[in-house]
1. Averaged per residue, what accessible area in Å² does the chain show with a 1.4 Å probe, protein chains only?
2. Calculated FRET efficiency, residue 73 and residue 102, Cβ-Cβ r, R0 25 Å, to nearest 0.05?
3. Amide H to amide H under 5 Å from residue 33: which residues, 5+ apart in sequence or cross-chain, H placed 1.01 Å off N in plane?
4. For region 56-65, take each phi angle, set θ = phi - 60°, evaluate the Karplus expression 6.51 cos²θ - 1.76 cosθ + 1.60, and give the result in whole Hz per residue in order, putting x for glycine and proline.
5. Carbon and sulfur together cover what percent of the accessible area of the chain at a 1.4 Å probe radius?
6. About its Cα centre, how strong a charge dipole does the chain have in debye, to the nearest 20, once Lys and Arg get +1 and Asp and Glu get -1 at the Cβ?
7. Could you grab the relative contact order for the chain? Cα pairs under 8 Å, six or more apart, rounded to a whole percent.
8. Residue by residue through region 46-53, which ³J(HN,Hα) values in whole Hz follow from phi under the Karplus form 6.51 cos²θ - 1.76 cosθ + 1.60 (θ = phi - 60°), with glycine and proline marked x?
Amino acid sequence: QVQLVESGGGLVQPGGSLRLSCAASGSSFSSYAMGWYRQGPGKQRELVAAITSGGSTNYAVSVKGRFTISRDNAKNTVYLQMNSLKPEDTAIYYCNTPRGTKSYWGQGTQVTVSS
């Protein structure tokens, strides 16, 4: 069983920055890919960024160049640094990790970008 706990969301003005964190319980954190998803009002959940066990990353086109995903295997934590935030980035952000046939999700953290 894996538990994921997100933190770091909040209200920020357009152009501002936030850093989200996702702490994972259990062992073998370094062996698995991690991802950040988001679900905006009235929208489907979408992949924002992902990082493999080896550190390779990929991003949604809409956030490329503004967001950075990273991981600290010693702390069992994955981060999402979000810069140059836009109102359309407003969403609940979820942490995810696929483990074999299962997929684990955190409870989500709200990010609101508004002046």
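1. 52
2. After rounding, the FRET efficiency stands at 0.75.
3. 53
4. Whole-Hz 3J(HN,Hα) from phi for region 56-65: 6, 10, 8, 9, 5, 4, 5, 10, 4, x.
5. Carbon-and-sulfur percentage of accessible area, whole number: 47.
6. Dipole size: approximately 120 debye.
7. RCO, the chain: 36 percent.
8. 9, 6, 9, 7, 9, 9, 7, 4
The values are calculated or read from the model by the stated rules, or taken from the named source; none is laboratory data. In this text the structure is predicted, and so the values were computed from the model without any measurement. Note that each Cβ is placed from the backbone with ideal geometry, even for glycine, and that neighbours are counted across all protein chains shown. In case anyone asks, the SASA skips ligands and DNA or RNA and just uses the protein heavy atoms, side chains included. Shrake-Rupley method; radii C 1.70, N 1.55, O 1.52, S 1.80 Å.
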